[in-house]
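Okay, structure first, notes after.
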Amino acid sequence: MPASLAIPAASAEEVRVYSGRHYNTDRQVFKAFSDQTGIKVRLLESKGASLVERLRREGSNSKADVILLVDAARINNAAKAGLFAPINSAALKRDVPARYRDPSGRWFGVSRRLRVMVVNSKIVPMSKLKTYADLSKPFLKNKVCLRNRQNVYNQSLVADQIALRGVDATKAWLKGMISNVSQPYFPGDISLVRAVAQGQCGIGIVNHYYVSRMLAGVNGNKDQKLANSVRVFIPDPAHVNISAAAVAKYSKNKNNAIRLVEFLASPKGSALLALPTFEHPVSVNNTSGYVTRFGAFTPDSVTISQLSQYQPMAIRMMAEAGWK
Ligand SMILES: [Fe+2]
């Protein structure tokens, strides 16, 4: 579009995005959307939990048009709290596989991430690993590192295991896994990768893209070296989590908001969002060598709605099991 047309369009038309994602590269996708449509994007980034809180507080006065959140349970909980407007869009139904969108059309997956094991193969032999269940086995005594239980990624993993294996098996798994932990609990996935690399522990659970980012040198030379000394094992089947987009219930700008959500979920938009962060786009896999070196993966059968359904139970069970 010529600049002379883009200027009036941009001043007249904009969408406000509240985003709980935290990657600089996301700006590229919003720029591509603006270039393509003349619609300006205003971005407000914040922690997911505080974004949801803010939306609640603002109610019908909210200026938000589009919400971007990471984690299945978080997005679905916000939907259940009535914060999103349902959308009926042929493009979204076509571009987002059914398992990665809300059956009621309130949110749509735009990128995927796997919860994987990061392994120090001098301490834990890769050949002994198969599923998340292994983390509770006696051969990993004092070798497991975990991130603290406040983290939604682990809450969704536990919810996933409840859906997949049932309450009793998950309880036993938690008990065994916690008894295998000898280290303090970690504040983030990256610090956990470092601890595994440095041999403080033999194995931990992290989102795959943190290791990829370290491998690619995003966090500097030191982390790159550390990441090169660990291995990643993708449990089979793998727990897949998403980041997702939704139209805010009180958006004053619904048509443009829908256009942005459609763009984010489209093959082009999803790739612009997911490839630079080493996530997987919503319907194809990331082909970066920093991701493919972990090997192929098979998603498990748990739906995003189930992750949200079992999240409160997961949080309770994690506390009961002594997950710090
Ligand atoms: Fe993350």
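The values are calculated or read from the model by the stated rules, or taken from the named source; none is laboratory data. What you see is a predicted model; the values in this text were computed from it and never measured. For neighbour counting, all protein chains shown are included, and Cβ atoms are generated from backbone atoms with ideal geometry for every residue, glycine included.
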Q: Of the numbered conditions (1) crowded, with 17+ Cβ neighbours inside 10 Å; (2) part of a helix (DSSP H, G or I); (3) among the polar types (S, T, N, Q), residue 255 fails exactly one; give the number of that condition.
A: (1)
Q | Flag if residue 74 is touching a helix residue (DSSP H, G or I) at 6+ places or on another chain (Cβ under 7 Å) and at pLDDT below 95 | A | yes
Q) Assuming residue 16 fulfils every condition listed in (1) modelled with pLDDT of 95 or more; (2) surrounded by 13 or more Cβ atoms within 10 Å (Cβ to Cβ); (3) under 26 Å from the mean Cα position of the chain (by Cα); (4) outside any strand (DSSP E or B) apart from one, which condition is it? A) (4)
Q: May I ask you to say which residue of 144, 196, 211 is at pLDDT 95 or above, within 16 Å of the ligand (Cβ to nearest atom) and not aromatic (Phe, Trp, Tyr)?
A: 211
Q | Leading residue by the ranking (surrounded by the most Cβ atoms within 10 Å (Cβ to Cβ)) among those in segment 88-104 that are outside any loop (DSSP other than H, G, I, E, B) and not basic (Lys, Arg) | A | 95
(Q) Suppose we keep only residues that are in contact (Cβ under 8 Å) with a residue 40 or more places away in the chain and either under 16 Å from residue 143 (Cβ atoms) or part of a helix (DSSP H, G or I) (or both) within segment 180-190. Which one would you say is nearest to the ligand (Cβ to nearest atom)? (A) 189
Q) For segment 285-324, what are the residues that are over 18 Å from the mean Cα position of the chain (by Cα) and aromatic (Phe, Trp, Tyr)? A) 323
Q: Can you give me the number of residues within segment 28-62 that are away from the ligand (no atom under 16 Å from the Cβ), exposed (fewer than 14 other Cβ atoms within 10 Å of the Cβ) and farther than 19 Å from residue 251 by Cα?
A: 3
Q.
So for segment 156-175 (the condition being within 16 Å of the ligand (Cβ to nearest atom), modelled with pLDDT of 95 or more, of a type outside the set (Val, Ile, Thr) and under 20 Å from the mean Cα position of the chain (by Cα)), does at least one residue qualify?
A. yes
Q) Can you spot a residue in segment 274-291 that is part of a strand (DSSP E or B) and under 30 Å from residue 201 (Cα atoms)? A) yes
**Q.** Criterion (surrounded by fewer than 21 Cβ atoms within 10 Å (Cβ to Cβ) and more than 19 Å from residue 71 (Cα to Cα)) met by exactly one of 271, 296
**A.** 296
Q: Only residues in segment 63-87 that are in the same structural domain as residue 22 (by TED's automatic domain parsing) and part of a strand (DSSP E or B) count as the first member; pair them with residues that are within 16 Å of the ligand (Cβ to nearest atom) and of a type in the set (Ser, Thr, Tyr), Cβ under 6 angstrom, at least 6 apart or cross-chain, and list the lot.
A: 68/19; 70/243
